[in-house]
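Scroll down for the structure; my scribbles are underneath it.
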Amino acid sequence: MARILLAEDDESMRTFLERALARVGHEVISVADGFAALPHIAGTRFDLLLTDIVMPGMDGLELARRASIEMPGIQVIFITGFAAVALNNNAPPPPERACPFQAISSAFAGRGDRARSAAGLSPNLDETSPSRLGRRDRAAPR
């Protein structure tokens, strides 16, 4: 599975993402901001940087730039809770499938399917995404 550096200033979101990613077999180091991530990118190899864009101090864009210098080829996924940042100039919203878990699953396809199966989890994270679960719930007769 992947070694992931997670930078997210919202504690509840950081805790949720860290637990969810660890549950499917990823090794996750989480920090509260870009400055706290710097020692990790200087001394450790990661497969993925999962970072909030808007954080106090050093934002996710600067963190990604520095991580790319220290670890050429690192994959980066940006997340944000600010719709204005995500929906640049009235661009249409991303497709329903645009979710960090699906992006991570795609980026590391085939790595750890046995670990997910052993944990009783679907090898396809798309099947357990909140939007998919919600759609099944609405379609089920009551």
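What follows is calculated from the coordinates using simple rules that are stated; it is not laboratory data. Here the structure is a predicted model, which means the values were calculated and not measured. Cβ coordinates were reconstructed from backbone atoms using ideal geometry, including for glycine residues, and neighbour counts include every protein chain displayed.
What to note about this one:
- Residue within the stretch 17-26 that is under 17 Å from A64 (Cβ atoms) and either touching a Leu at 6+ places or on another chain (Cβ under 9 Å) or surrounded by 18 or more Cβ atoms within 10 Å (Cβ to Cβ) (or both) present: yes
- Condition check for T44: in contact (Cβ under 8 Å) with a residue 12 or more places away in the chain and over 20 Å from T80 (Cβ atoms): yes
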